[in-house]
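Undergrad: First the structure, then my questions, so here it is.
The values are calculated or read from the model by the stated rules, or taken from the named source; none is laboratory data. Keep in mind it's a predicted model, so treat the numbers as computed, not measured. No Cβ is skipped: glycine too gets one built from the backbone with ideal geometry, and neighbour counts run over all protein chains shown.
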Number of protein chains: 2
Amino acid sequence: MTTTPTGDQALIKRINTAIVLETILRGAPLSRAAISERSGLNKATVSSLVQDLIDGSLVREIGTGASSGGRKPVMLEFIADAGHAVGIDLGVNYIRGVLTDLRGTVVAERTLPLKRLEPEPVTGELFRCIDSLISDAPPSAYGIAGIGVGVPGLVDEAGSVLFAPNLKWRGVPLRRLLDGRYGLPVTIDNEANAGALGEQIFGAGRRIDNLVYVSVGIGIGTGLILHKKLYKGASGFSGEMGHLSVNAFGEPCSCGNRGCWEMYASERALLEKASALGYEELEALLAAAEAGREDVLGLLEEIGEFLGIGIANIVNVFNPDAVVIGNRMSMARPWIETSLRRTVVQRTLGFHLRNVQLLFAELGERSAMLGAAQMAIAGFFDRLKASTS
Amino acid sequence: MTTTPTGDQALIKRINTAIVLETILRGAPLSRAAISERSGLNKATVSSLVQDLIDGSLVREIGTGASSGGRKPVMLEFIADAGHAVGIDLGVNYIRGVLTDLRGTVVAERTLPLKRLEPEPVTGELFRCIDSLISDAPPSAYGIAGIGVGVPGLVDEAGSVLFAPNLKWRGVPLRRLLDGRYGLPVTIDNEANAGALGEQIFGAGRRIDNLVYVSVGIGIGTGLILHKKLYKGASGFSGEMGHLSVNAFGEPCSCGNRGCWEMYASERALLEKASALGYEELEALLAAAEAGREDVLGLLEEIGEFLGIGIANIVNVFNPDAVVIGNRMSMARPWIETSLRRTVVQRTLGFHLRNVQLLFAELGERSAMLGAAQMAIAGFFDRLKASTS
DNA sequence: TTAGTTTGTCTATCCAATAAACTAAGTTTC
DNA sequence: GAAACTTAGTTTATTGGATAGACAAACTAA
């Protein structure tokens, strides 16, 4: 049975309440009259819906504003600390956690290293990190609104980590574990998807409707935001563009394909070549680049070119408004940007190139963590909209 | 100003009218009581909305149905010939046109060859084709509901053909030309997008939410249907996957990139190799394959492999429910399918492979034409929904 | 003080969906 | 074949939103 949700008066009210809340979120501080004008809703309707939002502890009056020759307006604002969200970036050798308010403003932050990668010790550390963040949350009307987690692997709709090669995880029911312990709404997603969201809301991709976030770390992951929404494939995971083959006749990859992009353009690929020059870590390599070492500069220029090859493919396929390069490799921006841009320009169809922006992550290593918090916040608002106010 | 459409009673009525119409479209013949049960709408509401649809010539009563111990139900059906749609596939050396009813059932069909490719002679032929199809339309309540056209090139939001390499067109304002002549709603889109829609509604991809249609002809185009909707990139065109590089170090392509997929796997690529064997046309080549010529079979097997290389990339990136191979190369199915499937299996990530179907177009060369008609039909229903009933 | 302006609320009205009663038109049972 | 039961579709009264317009409150300008 395909029972489409039918339209009734409650639906109208939910829609209009969402419009009012959205208007306040975007333009606060704002008066009722201004909301009415901007939204097209009747003044009386706005008054009534605002009262509901005030009763629901989501909006408050913050005194009067300036008058232009009449009664002074009563200004309204969203109560950002009506609740808090936990965002986690579960990395390969670290856990980065953040507590934010409902606007995404950071309230507390914790980073801790991971020594062991097995699910049990990692979840133990994860629990302690979350416990600590939750204990930092001031009391509020809605408490902890949700927990979002970005993980370096494939995640299914049930929030289980199907496969995380660098953690060597298979089938870890992360959402169930967290839900069982905290009894809170939990969202689990790929690290690149979380990063894409983070950059779209708080970083380089603010207000860009279609963007591709390319997370260049040990491997290469991608998060797609199409029509303002995260795109996930048929079974909930897509964007494995690290395994897009850029050389069909190249070396075999562990994934079964040949000549995968991440074999040429990832941090791992860079470090493999760098070890011949005597560098074992990205940080050391970049320090050498900073010092002007010619061989290192050549290596980085080459990596920029390989990144550009894959990004040109991405632009040709998706024709996005922007491509954002994130994760650890974004630190190498000064030394890869020139060759990267040159390659993309050379290899991209003219019509696409005309409109695409090439950006680097503004949030650096915090993209995924802040994006994960945003996933939790978005879930909170979605549930709000769905409930019969 | 971002004036979100606000919710009011008219919106409810539009939503519920759409639900009722959809229910009838899916399950006709159907009684009012059955609609009420399936949709969850109250019987009285259904009665009232059905009356509106009857008044609007979209639904009619077709006598009583069987009773199971009570009053006999009055059966309803959608009036498929309340209007008609014109669908055009504008090819490189042909125009294929169809007149369908609002269900997409073919009423009349016309194919004509194109000798000259300049915009003026082509539009002349196009007008004559459309004139003739329109004259075939029986009188109806809504008349010609719209015209849809699929073209082999990039199309912008205004319905202008920005660039069609094989027609050598640049900046032809096709929608404006057709709109000016017929005063009807006109939809212009890429041939691959039209084909994707055609196969999703009428062909191999029926009821599949996420599919990639790969149109393998002279070049390779792709149409993406994500979440049941055609995906177009930021500026209205995407899916130039023919120019996805599968060999970053391969031969330069006219597009500026190197080793583009369509240099290896298109009809043109096949025919270039085939000419060494003495074949100049795909049909002749396939006849030779039918006759068991070993060299030709080897050539086709190779093309299958190259197609598989690109499709594996597509599957890794989009993780769709299905990939549909269409256009002229679908005729070669018997000789390319084995190597194609083998290559895709070898080169695709296990998690994605598990769920993806590999299909061949069921509509053959008619995909794009029927998809174009569907674009016009969809436009008609969208306008219906938008109008304050 | 007076006139004009802006904000926000109140009131009467409209409109779509709904539940429940009702009419219509059948079938089943004995 | 009459009574009992079933199902289809309509009518009626009610509910709960949004709205226009009147209005009161609170301000500015002069």
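Undergrad: Provide a single number: the residues in the range B:77-111 that are in a strand (DSSP E or B) and modelled with pLDDT under 95.
TA: Of the residues in that region, 1 qualify.
Undergrad: For residues in the range B:1-28 being more than 27 Å from the chain's Cα centre (by Cα) and touching a residue at least 12 places away in the same chain (Cβ under 8 Å), which is nearest to residue A:19 (Cα to Cα)?
TA: Across the range B:1-28, the extreme among qualifying residues is B:10.
Undergrad: Something else: Is it the case that some residue within the range B:135-143 is part of a helix (DSSP H, G or I) and either modelled with pLDDT under 95 or more than 20 Å from the chain's Cα centre (by Cα) (or both)?
TA: yes
Undergrad: Moving on. What's the number of the condition residue B:243 fails, among (1) away from every other protein chain (no Cβ under 14 Å); (2) surrounded by 24 or more Cβ atoms within 10 Å (Cβ to Cβ); (3) over 20 Å from residue B:362 (Cα atoms); (4) not aromatic (Phe, Trp, Tyr)?
TA: If we test residue B:243 against (1) away from every other protein chain (no Cβ under 14 Å); (2) surrounded by 24 or more Cβ atoms within 10 Å (Cβ to Cβ); (3) over 20 Å from residue B:362 (Cα atoms); (4) not aromatic (Phe, Trp, Tyr), just (1) comes out false.
Undergrad: Spot the failing condition for residue B:8; the list is (1) under 21 Å from residue B:375 (Cα atoms); (2) charged (D, E, K, R); (3) near DNA strand D (Cβ under 10 Å from one of its atoms), and only one is missed.
TA: Against the list (1) under 21 Å from residue B:375 (Cα atoms); (2) charged (D, E, K, R); (3) near DNA strand D (Cβ under 10 Å from one of its atoms), residue B:8 comes up short only on (1).
Undergrad: A follow-up question, please. Tell me the residue from B:65, B:69 that is within 13 Å of DNA strand C (Cβ to nearest atom) and free of Cβ contacts under 8 Å to residues at least 12 places away in the same chain, please.
TA: That would be B:69, the only listed residue that is within 13 Å of DNA strand C (Cβ to nearest atom) and free of Cβ contacts under 8 Å to residues at least 12 places away in the same chain.
Undergrad: Take the conditions out of contact with any Phe, Trp or Tyr (no Cβ under 6 Å at 6 or more places or on another chain), free of Cβ contacts under 8 Å to residues at least 24 places away in the same chain and crowded, with 21+ Cβ neighbours inside 10 Å and apply them to residue A:248. Does it pass?
TA: So residue A:248 passes the test.
Undergrad: Next question. Among the listed residues A:115, A:72, A:43, identify the single one that is assigned by TED's automatic domain parsing to the domain that holds residue A:134 and loosely packed, with under 15 Cβ neighbours inside 10 Å.
TA: A:115
Undergrad: Step by step: first the residues of the range B:13-30, then only those that are within 12 Å of DNA strand D (Cβ to nearest atom) and surrounded by fewer than 19 Cβ atoms within 10 Å (Cβ to Cβ), then the one that is modelled with the lowest pLDDT. Which residue is that?
TA: If we take residues in the range B:13-30 being within 12 Å of DNA strand D (Cβ to nearest atom) and surrounded by fewer than 19 Cβ atoms within 10 Å (Cβ to Cβ), then B:29 is modelled with the lowest pLDDT.
Undergrad: Restricting attention to the range A:342-358, does a residue exist that is crowded, with 24+ Cβ neighbours inside 10 Å and modelled with pLDDT of 95 or more?
TA: Within the range A:342-358, none of the residues are crowded, with 24+ Cβ neighbours inside 10 Å and modelled with pLDDT of 95 or more.
Undergrad: Filter the range A:57-76 for residues that are part of a strand (DSSP E or B) and of a type outside the set (A, V, I, L, M); which is farthest from DNA strand D (Cβ to nearest atom)?
TA: A:60
Undergrad: I've got another one for you. Do any residues in the range B:260-280 that are among the basic types (Lys, Arg) have Cβ atoms under 7 Å from those of residues that are not in a loop (DSSP other than H, G, I, E, B), where the two are at least six apart or on different chains, and which pairs are they?
TA: Every condition considered, the pairs that remain are B:273/B:299.
Undergrad: Further question on the same structure: What is the residue count in the range A:29-59 for residues that are more than 13 Å from DNA strand C (Cβ to nearest atom) and more than 30 Å from residue B:16 (Cβ to Cβ)?
TA: Result for the range A:29-59: 1.
Undergrad: In addition: Hey, among the residues in the range B:31-51 that are part of a helix (DSSP H, G or I) and out of contact with any helix residue (DSSP H, G or I) (no Cβ under 7 Å at 6 or more places or on another chain), which one's nearest to DNA strand D (Cβ to nearest atom)?
TA: B:44
Undergrad: Within the range B:157-174, does at least one residue satisfy the condition of being assigned to a helix (DSSP H, G or I), out of contact with any Pro (no Cβ under 7 Å at 6 or more places or on another chain), under 30 Å from residue B:355 (Cβ atoms) and of a type outside the set (Phe, Trp, Tyr)?
TA: No, because not a single residue in the range B:157-174 is assigned to a helix (DSSP H, G or I), out of contact with any Pro (no Cβ under 7 Å at 6 or more places or on another chain), under 30 Å from residue B:355 (Cβ atoms) and of a type outside the set (Phe, Trp, Tyr).
Undergrad: Also, quick follow-up: If the requirement is being among the small types (Gly, Ala, Ser), within 18 Å of the chain's Cα centre (by Cα), surrounded by fewer than 24 Cβ atoms within 10 Å (Cβ to Cβ) and within 14 Å of chain B (Cβ to nearest Cβ), which of these qualifies: A:171, A:233, A:223, A:205?
TA: Result of the check over A:171, A:233, A:223, A:205: A:233.
Undergrad: Same structure again: Hey, can you tell me all the residues within the range A:310-331 that are over 19 Å from the mean Cα position of the chain (by Cα) and either farther than 18 Å from residue A:223 by Cα or not β-branched (Val, Ile, Thr) (or both)?
TA: Within the range A:310-331, A:310, A:312, A:313, A:316, A:319 meet the criteria.
Undergrad: Could you check the range B:67-107 and list, in sequence order, the residues that are more than 16 Å from the chain's Cα centre (by Cα) and small (Gly, Ala, Ser)?
TA: Of everything in the range B:67-107, those that are more than 16 Å from the chain's Cα centre (by Cα) and small (Gly, Ala, Ser) turn out to be B:67, B:68, B:69, B:70, B:80, B:82, B:83.
Undergrad: Hey, could you check the range B:151-168 for residues that are more than 20 Å from residue B:180 (Cβ to Cβ) and more than 14 Å from chain A (Cβ to nearest Cβ) and say which is surrounded by the fewest Cβ atoms within 10 Å (Cβ to Cβ)?
TA: B:168
Undergrad: With respect to residue B:54, determine if the residue is more than 14 Å from every other protein chain (Cβ to nearest Cβ), outside any helix (DSSP H, G or I) and modelled with pLDDT of 95 or more.
TA: When the stated conditions are applied, residue B:54 does not pass them.
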